[in-house]
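The values are calculated or read from the model by the stated rules, or taken from the named source; none is laboratory data. Since the model is a prediction, treat every value here as computed from it, not as a measurement. In this analysis, Cβ positions are derived from the backbone assuming ideal geometry, glycine residues included, and neighbour counts consider all displayed protein chains.
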Amino acid sequence: MKIISGGQTGADRAALDFAIDRGFDYGGRIPKKRLAEDGVISNSYSSLTETDSPDYAVRTRLNVLESDGTLIVSHGRLTGGTLLTKELAMAERKPFVCIDFIKLNFSEAATEIITWLNANSIKTLNVAGSRASGDPNIYPATYELLTKVFD
């Protein structure tokens, strides 16, 4: 299993940190100059690849295309780049699953994801979700969810 994300604060970073902590292969496309809402994405995330554009939508589309499927996490309805991720996955006919932490507990969500991963033969998983500024609880929720899925 390889985990990829766009390197943004929140869900993206939780996925990358989880992958690094657990020894998973990781990567993903990030904006030119390693842009994120908190400044520059750290070079400690050495397996990330910059796109030719600073536009977040460019890296979002590439991560959808370059993965076997996308896990989208949120606390409530999707907005902004998270909604764009879902729309791109639908448009490209790529498998995706949306987990709303308000509607599902971690065990229910993990079971749904494991079933989805197996049904779609996911080997490269794109993880997307809210930014930390819009949802301060998304990082720990995403990390805990991935722990339940992969442990």
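Things worth noting here:
- Criterion (more than 23 Å from D55 (Cα to Cα) and at pLDDT 95 or above) met by exactly one of A89, A128, A109: A109
- A count restricted to the range 98-125 and to residues that are under 15 Å from M1 (Cβ atoms) and surrounded by 12 or more Cβ atoms within 10 Å (Cβ to Cβ) stands at 10.
- Across the range 75-86, a minimum of one residue is classified as farther than 13 Å from G6 by Cα, among the charged types (D, E, K, R) and buried (at least 16 other Cβ atoms within 10 Å of the Cβ).
- Here is the figure for the range 129-151: residues that are hydrophobic (A, V, I, L, M, F, W, C) and touching a Ser or Thr at 6+ places or on another chain (Cβ under 8 Å) total 2.
- Exactly one residue out of P140, P95, P136, P54 is under 14 Å from A11 (Cα atoms) and touching a helix residue (DSSP H, G or I) at 6+ places or on another chain (Cβ under 9 Å), and it is P140.
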